[in-house]
Amino acid sequence: MNAAGIDPAPRRSGPTWREFLAAQAEGIIAADFFHIDTALGTRLYALVFLEHGTRRLHITGITTHPTRDWTVQQARNLADLATRAAVSAPIEGRALYAGLRALDVPEEPVARLWHAATLLREHRGDGHDAALVVNGIGGTEAHVLLALSLGLRAEEFGRIHHLPKAQPAAVVDGLRGRGLVDDAGGFTDAGREASERIEALTDELAAPAYDVLSTDEFDELVAGLEPIAAAI
């Protein structure tokens, strides 16, 4: 595109491709093959993904013949693993996840992987809602706790910063009255413990979705999703 004189869309006058790629480096993933020659003279090709922002390298498959069909099959394998987990999770008490489960699973590998990831996300999300309710945390309170866990003040958090200032301030006052937020607007020890307890329970409730996978399959799924998650 650079050789053809086409600048990064939608603008045709700056930034240059060099400037654009430098600005987006943190979220860019490069994919390629590199080869390894064994002691017996066999050449192996590894499919790798490189996170430009961290320079972290992910190896997702090795073959002696890196054909188009083999490469596409790697995407299918990842989508199949994610889908197996996504459609095996319990639906009890998970209204949004149950509704999404009623949708047809796409055939195309990338669409199927996206669909599976959506199912797994909402399965965990429904469990997170239950964990919040059990711990007596409401909707806006949950956003405040998440903001504090990220090192942000409540009014700075993107999900609630649009609210009238009095509304998040009242929520913070309520959490302060419960001993979860200190006078400076940060976590108390009790608040941090409550946040960690909610996250631990959320993880516990999400875990059954992956019981259908073996340890090796689970590790393969995580390894395949890590570079994708880093880019999103």
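Read-outs throughout are calculated quantities, based only on the coordinates presented, and are distinct from any laboratory measurement. Predicted model, so just to flag it, every value in this text is computed and none were measured. When we count neighbours, we look across all protein chains shown, and the Cβ atoms used for this are built from the backbone with ideal geometry, even at glycine.
When 1/r is averaged over all different Cα pairs and the result inverted, which Kirkwood radius in Å belongs to the range 56-145? Walk me through the numbers before you get to the answer.
Details: mean 1/r = 0.0654 Å⁻¹.
The answer is 15.3 Å.
Local charge sum around residue 123 (other residues, Cβ-Cβ under 10 Å, Lys/Arg +1, Asp/Glu -1)? Mind showing how you got there, number by number?
Working: positive: 94, 101, 121, 124; negative: 122, 126.
Value of the local net charge: +2.
Quick one: if you take sqrt(5λ) for each eigenvalue of the C-alpha gyration tensor of the range 135-205, what semi-axes come out, biggest first, whole angstrom?
On the way: eigenvalues 72, 37, 22 Å².
Equivalent ellipsoid semi-axes, largest first: 19, 14, 11 Å.
If you take the Cα Rg of the range 96-217 and divide it by 2.2 N^0.38 Å, with N the number of residues, what do you get?
Values: Rg = 17.5 Å, N = 122, 2.2 N^0.38 = 13.7 Å.
So the range 96-217 has a normalised radius of gyration of 1.28.
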